[in-house]
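The values are calculated or read from the model by the stated rules, or taken from the named source; none is laboratory data. Everything numeric in this text was worked out from a predicted model, so none of it was measured. FYI the Cβ positions are ideal-geometry reconstructions off the backbone, even for glycines, and counts take in every protein chain you see.
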Amino acid sequence: MSSTTPQPALPENTASWWKRLADSDITYSFTRSKVVMGSAFISALLLLLALFAPYVSPHDPTNLASLDLMNSLNPPAWLQGGSWDYPLGTDNQGRDMLSALLFGLRLSLSVSLASVILAMALGITLGLISGYFGGWADTIIMRIADIQMTFPAILTALLVNGVVRALLGLNHTGGADYWVLVLSIGLSFWVQFARTVRGSAMVERSKDYVAAARLIGVRPTRIMFTHVLPNVLGPVLVIATISLALAIITEATLSFLGVGLPPSNPSLGTLVRVGNDFLLSGEWWIVFFPGLILAILALSVNMLGDWLRDALNPKLR
Amino acid sequence: MTSLNFSPAIRSALRLSPFKLSSAMVLAASLLATPILAHNAAAKTFRYAFQGDLNALDPYTLDETFTIGALGNVFEGLTKRDKDLKIIPGLATSWEVMEPTRWRFHLRKGVKFHDGEDFTADDVVFSCERAMTGGSQFKGNLPAVKQVVKVDDYTVDMILSSPNPILTSQLDTLFMMSKKWAQANNAMETQPASAKELNPGALKADGTGPFYIVSHEPGVKTVFKPNTGWWGKRTDNFDEVDFTTIKSDATRVAALLSGQVDMIEPVPVQAMQKVNDNPGTKVLSAPELRTVFLTMDQKRDELLFSDVKGKNPFKDVRVRKAFYQAIDIKAIDSKLMRGLGQPAALLVTPVVFPEAKDFKRFPYDVAAAKKLMADAGYPNGFSLTMHCPNDRYVNDEAICQAVTTMLARINVKVTLKAIPKAQYFALAGASGGYGTSFGMLGWTPASNDPLEILTQLLGCRDDKGNGGLFNYGGYCNPKVDALAKQAMVETDVTKRNALLVEAFKLTTADVGALPLHQQYLAWGISKKIQIVQRPTDPILFYEAHKD
């Protein structure tokens with residue numbers, strides 16, 4: 001926040017950014033809560049594991065040639081019949097669960113991040129247009145947003161997914177699955193961004209500095225993105241974090257329903273779907289670990305988002 | 001229940017649709033609830049669930065075992081099969097061969113369709129013509145039939161273009177429809193399997209069988225009620241049969257274990273133990289006549305789904321053989337199928353064709369497969385898309401995934417598209433223009449005769465499906481066709497078998513298709529249910545009973 005409010009040239013301002021960060025309210029609030037620190041630690045750990053999945057996972061689950069059906073359905077290492085070659089056991093195709101998990105985590109996170117970025121770009125742009133210009137543009141955009149708000153996000157995502165897949169037909173190549181998923185989640189999450197940005201933009205629009213900028217002939221796009229936008233970034237950040245947790249769950253739901261990523265390139269949701277078939281047959285590890293990681297990931301990101309919302313809310317300080 | 005179970009004739013007299021009738025029955029039942037319960041302790045509802053959908057009720061849309069089985073409760077053919085699969089009279093009480101190309105069928109008198117109309121020769125002529133044209137998948141059941149002629153109201157002649165000793169074994173699943181009903185319901189033409197939407201006529205059915213359909217929501221629920229005016233003998237005590245689709249393996253098993261349904265098919269192999277250990281349920285298992293195999297498009301000059309352009313790698317027998325030898329069927333059958341699969345060397349089971357035992361699979365040998373690929377000019381492999389049903393055969397998607405893995409070892413990059421059977425058969429079959437490059441099919445010879453394999457699955461065809469209608473790969477060897485033609489008219493069993501063996505030797509050497517295994521039937525039933533499990537896999541309610 002400090003970067004957006006004009007500050008007098010005080011000595012603190014010349015201190016390193018690290019020191020300024022360490023002295024800020026946010027850091028203070030962060031260090032006061034063990035839950036938040038724990039969530040941040042877990043989120044960071046999972047993010048790192050996802051980033052470096054190819055280096056930390058014991059096997060390459062995308063290399064189909066390395067799978068051996070004879071190694072299928074091995075239990076985790078600490079159980080009878082397990083081996084440390086496959087620490088969390090194997091699935092019915094002989095795929096190492098740990099490696100599949102790490103790669104699945106990577107996919108889940110990247111789909112969710114990409115779709116939140118898409119939702120954010122779309123929501124911010126439409127929200128700024130709506131708030132800054134008002135009039136019919138505002139009416140149209142906000143009515144669309146209202147209509148979309150009446151549907152649960154998962155329904156919108158399923159709808160978009162179905163329509164895009166129908167357009168692509170059965171002939172699309174494997175890579176399309178990923179982008180279809182990003183598109184369907186992104187399109188179902190933009191409304192929150194648009195509404196928030198619109199509200200702030202309406203407030204900022206009538207302020208003197210915007211009027212001044214307009215007087216000296218600055219183009220509306222420039223005013224919107226360089227003057228108005230920085231002032232609404234705080235709430236956008238909060239929504240983005242909470243949306244990320246929701247996007248992770250939505251991705252998993254879509255993949256669980258079989259309209260997400262294919263089993264040959266599984267996300268966490270796909271792994272849960274595949275493992276679901278083994279729920280009643282004793283091979284619990286196929287479904288348990290992906291489910292567990294999914295729950296931990298969504299929970300910790302959500303916690304972070306909640307905390308960020310409180311920390312950035314001046315009324316709660 | 002007798003007081004409430006209107007016979008179809010009464011129903012038509014009352015001009016009530018099944019829907020109105022059922023609501024009337026509910027009303028009546030609520031008024032008479034107590035006496036009926038006391039009176040009718042034996043009447044039961046039978047609930048069963050399958051992994052895939054029952055889609056169109058048009059009996060010629062989909063030549064698929066499950067659909068035929070379900071519709072076999074509603075419709076009947078001129079012939080039927082008994083529990084040992086022997087041909088017995090159905091809607092025809094007797095038949096005679098007037099001359100080798102002219103068969104006379106004497107129809108059963110007094111049979112009524114569910115809507116109350118009489119079953120007559122007109123319906124037979126209409127049904128056969130309907131099955132031989134348009135989007136019908138049953139053209140192969142009447143391969144040599146040139147014309148069906150009405151002699152009188154209860155006699156028809158089938159005129160053949162060449163003798164066909166197994167004609168009656170092909171008629172048991174060619175169900176008879178009512179001409180008047182079809183006219184009234186705009187169902188004169190067969191609903192094609194590839195159509196995006198079902199015609200209203202394909203959502204209803206009017207047969208002569210032991211059950212009629214009360215309501216049908218494709219993919220959700222279908223309700224059957226007994227046809228009390230049925231001419232045959234029934235052993236069931238059901239007053240209603242509910243069919244539902246439960247796609248998820250775990251949910252289906254849970255539904256059986258909890259008693260929500262009385263029967264499921266299939267029991268996923270990983271849950272067999274669980275179903276048998278549960279006190280109220282058990283698995284009925286037996287080798288099925290079905291052979292599951294992979295199809296390779298050998299007809300197009302360029303595959304639809306591959307990075308090889310300008311030529312079709314599957315036209316080279318070395319590539320087909322390399323695929324064959326790269327697949328470790330023993331691992332699939334021991335691990336994925338948990339022993340409930342029997343590796344197959346032919347597309348027909350030894351149960352139907354004992355000579356199949358003498359055929360051996362090409363050995364699983366990755367090095368040999370790699371060499372074949374290199375010889376064929378693909379040392380670095382190629383990539384292609386495989387289409388697979390994911391709700392049809394036991395572990396279909398898992399098997400395709402395993403095949404994908406195994407082919408990766410000979411550098412073939414396979415992208416797997418596993419889709420529901422309705423979509424899959426529409427894409428891969430004649431009505432979809434045989435639109436797969438590499439796919440899966442399972443076949444039960446409904447005629448219980450190996451010749452059907454050579455004509456339906458391996459006979460030459462054109463792009464529209466004239467010829468081997470289910471020859472998804474478009475394999476064609478004129479010598480095989482010639483042998484099949486000879487076998488069709490050969491009446492001496494030993495000579496006929498020799499012809500068939502010779503033909504199968506050719507198809508094996510050509511690797512016309514890639515046989516995988518015979519799967520086991522796995523029905524999960526409540527111990528309260530007695531039901532006949534035929535190796536052809538139909539679920540026939542009238543042979544069942546609930547305690």
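Could you say whether any residue in segment B:269-285 is closer than 23 Å to B:N471 by Cα and either in a strand (DSSP E or B) or within 14 Å of chain A (Cβ to nearest Cβ) (or both)?
no
Within segment B:393-407, is there a residue that is among the small types (G, A, S) and free of Cβ contacts under 8 Å to residues at least 40 places away in the same chain? If you could, list the steps in order and put the result at the bottom.
Here is the first cut: in segment B:393-407, the ones among the small types (G, A, S) are B:398, B:402.
Okay, now just the ones that are also free of Cβ contacts under 8 Å to residues at least 40 places away in the same chain, so none.
Looking through segment B:393-407, none of the residues is among the small types (G, A, S) and free of Cβ contacts under 8 Å to residues at least 40 places away in the same chain.
Criterion first (more than 27 Å from B:L469 (Cβ to Cβ) and touching a residue at least 60 places away in the same chain (Cβ under 8 Å)) does B:F46 satisfy it?
Judged against the criteria, B:F46 is a match.
So which of A:P58, A:P152 is surrounded by fewer than 23 Cβ atoms within 10 Å (Cβ to Cβ) and in contact (Cβ under 8 Å) with a residue 24 or more places away in the chain? Break it down into steps so the answer makes sense when it comes.
Values: A:P152 fails: in contact (Cβ under 8 Å) with a residue 24 or more places away in the chain.
Sole residue among the options that is surrounded by fewer than 23 Cβ atoms within 10 Å (Cβ to Cβ) and in contact (Cβ under 8 Å) with a residue 24 or more places away in the chain: A:P58.
Pairs only if they're at least six apart or on different chains, beta carbon under 7 angstrom, first in segment A:281-300 and outside any helix (DSSP H, G or I), second of a type in the set (G, A, S); list them, first residue then second.
Close Cβ pairs (under 7 Å, with a partner that is of a type in the set (G, A, S)) amount to A:S281/B:A271.
If you scan segment B:91-105, which residues turn out to be in contact with a His (Cβ under 9 Å, 6 or more places away or on another chain) and free of Cβ contacts under 8 Å to residues at least 12 places away in the same chain? Give the steps one after another, and end with the answer.
Our first condition is that a residue be in contact with a His (Cβ under 9 Å, 6 or more places away or on another chain); within segment B:91-105, this holds for B:92-96.
B:E96, the sole residue that qualifies.
Within segment A:144-197, can you find the residues that are small (G, A, S) and within 14 Å of chain B (Cβ to nearest Cβ)?
Residues of segment A:144-197 that are small (G, A, S), as a first pass: A:145, A:153, A:157, A:162, A:166, A:169, A:174-176, A:184, A:186, A:188, A:194.
Once the filter is applied, which keeps residues that are small (G, A, S) and within 14 Å of chain B (Cβ to nearest Cβ), segment A:144-197 yields A:G162, A:A166, A:G169, A:G174, A:G175, A:A176.
Of the residues that sit in segment B:392-420 and are within 22 Å of the chain's Cα centre (by Cα) and under 24 Å from B:L346 (Cβ atoms), which one is surrounded by the fewest Cβ atoms within 10 Å (Cβ to Cβ)?
Applying the filter and picking the extreme gives B:D396.
Go through (1) part of a helix (DSSP H, G or I); (2) buried (at least 17 other Cβ atoms within 10 Å of the Cβ); (3) of a type in the set (S, T, N, Q) and name the single condition B:S194 misses.
(1)
Go through segment A:40-92 residue by residue and tally those that are of a type in the set (V, I, T), within 14 Å of chain B (Cβ to nearest Cβ) and over 18 Å from A:W285 (Cα atoms). If you could, list the steps in order and put the result at the bottom.
Restricting attention to segment A:40-92, the residues satisfying the condition of being of a type in the set (V, I, T) are A:42, A:56, A:62, A:90.
In the following step, the residues that additionally are within 14 Å of chain B (Cβ to nearest Cβ) were identified as A:62, A:90.
If we keep only those that are over 18 Å from A:W285 (Cα atoms) as well, we get A:62.
Summing the residues that are of a type in the set (V, I, T), within 14 Å of chain B (Cβ to nearest Cβ) and over 18 Å from A:W285 (Cα atoms) in segment A:40-92 gives 1.
Does segment B:321-334 hold any residues that are under 18 Å from B:T404 (Cβ atoms), more than 14 Å from chain A (Cβ to nearest Cβ) and either modelled with pLDDT under 95 or touching a helix residue (DSSP H, G or I) at 6+ places or on another chain (Cβ under 6 Å) (or both), and which are they?
We begin by selecting, within segment B:321-334, every residue under 18 Å from B:T404 (Cβ atoms); these are B:322-333.
From what is left, the residues that are more than 14 Å from chain A (Cβ to nearest Cβ) are B:322-325.
Result: B:A322, B:Q325.
Out of all the residues in segment B:248-264, which are more than 12 Å from chain A (Cβ to nearest Cβ), among the small types (G, A, S) and surrounded by 19 or more Cβ atoms within 10 Å (Cβ to Cβ)?
Hits for segment B:248-264: nothing passes.
Give me the residue from segment B:386-428 that is charged (D, E, K, R) and at the interface with chain A (Cβ under 10 Å from one of its Cβ atoms) and, out of that set, nearest to B:D53 (Cα to Cα).
In the first step, residues of segment B:386-428 are kept if they are charged (D, E, K, R); the result is B:391-392, B:396-397, B:409, B:413, B:417, B:421.
Retained after the next criterion (residues that are at the interface with chain A (Cβ under 10 Å from one of its Cβ atoms)): B:397, B:409, B:413, B:417.
Details: B:E397: 16, B:R409: 35, B:K413: 31, B:K417: 19 Å.
Result: B:E397.
Which of the residues that make up segment A:243-271 are within 14 Å of chain B (Cβ to nearest Cβ), surrounded by 24 or more Cβ atoms within 10 Å (Cβ to Cβ) and more than 19 Å from A:A176 (Cβ to Cβ)?
Selection gives A:L271 alone.
Residue-by-condition table, conditions (1) among the small types (G, A, S); (2) modelled with pLDDT of 50 or more; (3) more than 26 Å from the chain's Cα centre (by Cα):
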| position | (1), (2), (3) |
| --- | --- |
| B:S12 | yes, no, yes |
| B:A24 | yes, no, yes |
| B:L31 | no, no, yes |
| B:H39 | no, no, yes |
| B:G52 | yes, yes, no |
| B:K86 | no, yes, no |
| B:T93 | no, yes, no |
| B:E117 | no, yes, yes |
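Any residue that is among the β-branched types (V, I, T), closer than 15 Å to A:P262 by Cβ and at pLDDT below 95 - is there at least one of those in segment B:371-390?
Let us first name the residues in segment B:371-390 that are among the β-branched types (V, I, T), namely B:385.
Among the residues that remain, those that are also closer than 15 Å to A:P262 by Cβ are: B:385.
Within this subset, residues satisfying the condition of being at pLDDT below 95 are B:385.
Yes, some residue in segment B:371-390 is among the β-branched types (V, I, T), closer than 15 Å to A:P262 by Cβ and at pLDDT below 95.
Test A:L128 against the stated conditions and say whether it is surrounded by 15 or more Cβ atoms within 10 Å (Cβ to Cβ) and either over 22 Å from A:N265 (Cα atoms) or of a type in the set (S, T, N, Q) (or both).
On the way: surrounded by 15 or more Cβ atoms within 10 Å (Cβ to Cβ): yes; either over 22 Å from A:N265 (Cα atoms) or of a type in the set (S, T, N, Q) (or both): yes.
Answer is yes for this residue.
Please work out which one of (1) hydrophobic (A, V, I, L, M, F, W, C); (2) over 29 Å from B:N185 (Cα atoms); (3) in a strand (DSSP E or B) is the condition B:L85 fails and give its number.
Here B:L85 clears every test but (3).
So, in segment B:88-124, how many residues would count as being aliphatic (A, V, I, L, M) and surrounded by fewer than 18 Cβ atoms within 10 Å (Cβ to Cβ)?
Within segment B:88-124, the subset aliphatic (A, V, I, L, M) is B:88, B:91-92, B:97-98, B:107, B:111, B:121, B:124.
Filter once more, keeping what is surrounded by fewer than 18 Cβ atoms within 10 Å (Cβ to Cβ): B:88, B:97-98.
The total comes to 3.
Is it the case that some residue within segment B:364-371 is crowded, with 20+ Cβ neighbours inside 10 Å, more than 11 Å from every other protein chain (Cβ to nearest Cβ) and touching a residue at least 40 places away in the same chain (Cβ under 8 Å)? Full working, then the answer.
Our first condition is that a residue be crowded, with 20+ Cβ neighbours inside 10 Å; within segment B:364-371, this holds for B:369.
So of that shortlist, the ones also more than 11 Å from every other protein chain (Cβ to nearest Cβ) come out as B:369.
If we keep only those that are touching a residue at least 40 places away in the same chain (Cβ under 8 Å) too, we end up with B:369.
For segment B:364-371, residues crowded, with 20+ Cβ neighbours inside 10 Å, more than 11 Å from every other protein chain (Cβ to nearest Cβ) and touching a residue at least 40 places away in the same chain (Cβ under 8 Å): present.
Touching a residue at least 12 places away in the same chain (Cβ under 8 Å), within 14 Å of another protein chain (Cβ to nearest Cβ), in a loop (DSSP other than H, G, I, E, B) and surrounded by fewer than 24 Cβ atoms within 10 Å (Cβ to Cβ) - does that describe any residue in segment A:93-100?
yes
Within segment B:503-547, count every residue that is out of contact with any His (no Cβ under 6 Å at 6 or more places or on another chain) and either without any contact (Cβ under 8 Å) to a residue 24 or more places away in the chain or not in a strand (DSSP E or B) (or both).
Number satisfying all stated conditions: 28.
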